[in-house]
Amino acid sequence: MLIIVNGVPGSGKSYFIKNKLRKIFENAFYISWDDLKAPFIDDRDRSDKNYQQVIKPALQKIENNLITRNIYHHIIIEGTYWDKVQNPNWIENYFYYIDKSLQIRCIASEETIKQRLGSRGYKRDDNKIKDEKSWQAFLIKEPIKITGFKGLEMNTDKEQNIKDIREMILDYLRRNNG
């Protein structure tokens, strides 16, 4: 199964994957787009050009070297490129051999996201939270909730136990993947 976890910076994606999802899918191969692109591109540039130059080839290498050899039954991808992963053609092009997929959108309140961005200490977050105008511009560019999102929304404001998360995922899969 392909599991794509997305959300705005500070929404709790990394924490959710590392502390919850990887406990449910213990043998999953985990891909963090931030980790993939870090050595190659400027973190401030999340353009389609950089996506095409760095992430697309990296995914193709992963596909050719790991996944097609059936080493992993589940693949977890973390990233903020929600426009790419919402596109069914993207999934078909890169993961055509996977019969089930799950998209999870991590969401949190504005207050929680602001607090997380301020406390994690990344320089890239400074311009998002420096004043109200910057914050509003960030929310317009990267909305916390997406109208018409066709996946499972996971609110990371509150701590949830593994059993409840597993049940939510299984219920979602039963309803949407047969």
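The values are calculated or read from the model by the stated rules, or taken from the named source; none is laboratory data. Bear in mind the structure is a predicted one, so any value in this text is a computation, not a measurement. Just the protein is used for accessible areas: all its heavy atoms, side chains included, with ligands, DNA and RNA removed. Shrake-Rupley method; radii C 1.70, N 1.55, O 1.52, S 1.80 Å.
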Using protein chains only and a probe of 1.4 angstrom, how many square angstrom of Ser14 are accessible, to the nearest 10? 50
To the nearest 10 square angstrom, how much accessible area does Thr147 have with a 1.4 angstrom probe? 140
Between Asn161 and Leu139, what length in nm is gained on full extension when 0.36 nm per residue of separation is reduced by their alpha carbon distance? 5.0 nm
